[in-house]
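The values are calculated or read from the model by the stated rules, or taken from the named source; none is laboratory data. This is a predicted model, so every value here is computed, not measured. As a convention, Cβ positions derive from the backbone with ideal geometry for all residues, glycine included, and neighbour counts pool all protein chains shown.
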Amino acid sequence: MAFDPASLTYDADGLVPCIAQDAADGTVLMMAWMTRQAVEKTLETGRVTYWSRSRQAFWVKGESSGHVQALVDLRVDCDRDCLLAVVRQTGPACHTNRRSCFYTSVTGGDEVELMHPMTD
């Protein structure tokens with residue numbers, strides 16, 4: 001059966017959350033938003049394309065930084081309202097230059113930094 005991006009459940013702004021996961025080791029890298037067109041572009045090009053809510057524009061991950069996400073697999077959750085992009089990540093995924101955006105843990109009521117920015 002062919003996949004139709006229109007079959008996803010988008011929010012009132014036409015967005016669906018997409019979690020990016022590293023194909024090599026399963027690390028959760030980041031979460032960003034996609035529109036139907038971003039899903040289509042991602043599937044057409046193999047380069048993960050998100051929707052920037054602040055800029056109101058598409059952004060291809062790594063377009064300016066070189067920290068590209070090459071799509072390995074796109075998965076739809078059971079409610080069809082969230083996506084999982086399994087990717088080959090080049091460089092850090094986070095704009096803070098960390099491998100993952102999820103670098104802070106709340107442990108015993110305290111915030112603990114789990115990773116430092118990557119160095120080139």
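Scan A20, A93, A38 and give me the residue that is among the aliphatic types (A, V, I, L, M) and in contact with a His (Cβ under 7 Å, 6 or more places away or on another chain).
Result: A93 is the single residue among A20, A93, A38 that is among the aliphatic types (A, V, I, L, M) and in contact with a His (Cβ under 7 Å, 6 or more places away or on another chain).
Of all the residues that make up segment 92-109, how many are loosely packed, with under 11 Cβ neighbours inside 10 Å and either at pLDDT below 95 or closer than 20 Å to R47 by Cα (or both)?
The total comes to 4.
Just the residues that are farther than 20 Å from G26 by Cα and in contact with a strand residue (DSSP E or B) (Cβ under 7 Å, 6 or more places away or on another chain), please, taken from segment 51-98.
Across segment 51-98, the qualifying residues are W51, S52, R53, F58, W59, V60, D81.
Scan segment 7-49 residue by residue and report those that are of a type in the set (D, E), surrounded by 14 or more Cβ atoms within 10 Å (Cβ to Cβ) and farther than 17 Å from H95 by Cα.
E40
Might you check whether a residue that is among the polar types (S, T, N, Q), free of Cβ contacts under 8 Å to residues at least 40 places away in the same chain and either assigned to a helix (DSSP H, G or I) or surrounded by 17 or more Cβ atoms within 10 Å (Cβ to Cβ) (or both) occurs anywhere in segment 50-70?
no
Counting only residues that are modelled with pLDDT under 95 and on the phi > 0 side of the Ramachandran plot, which one in segment 57-91 is nearest to the chain's Cα centre (by Cα)?
Within segment 57-91, the match that is nearest to the chain's Cα centre (by Cα) is G62.
Just need a number here: residues in segment 71-107 that are part of a loop (DSSP other than H, G, I, E, B) and free of Cβ contacts under 8 Å to residues at least 40 places away in the same chain.
10
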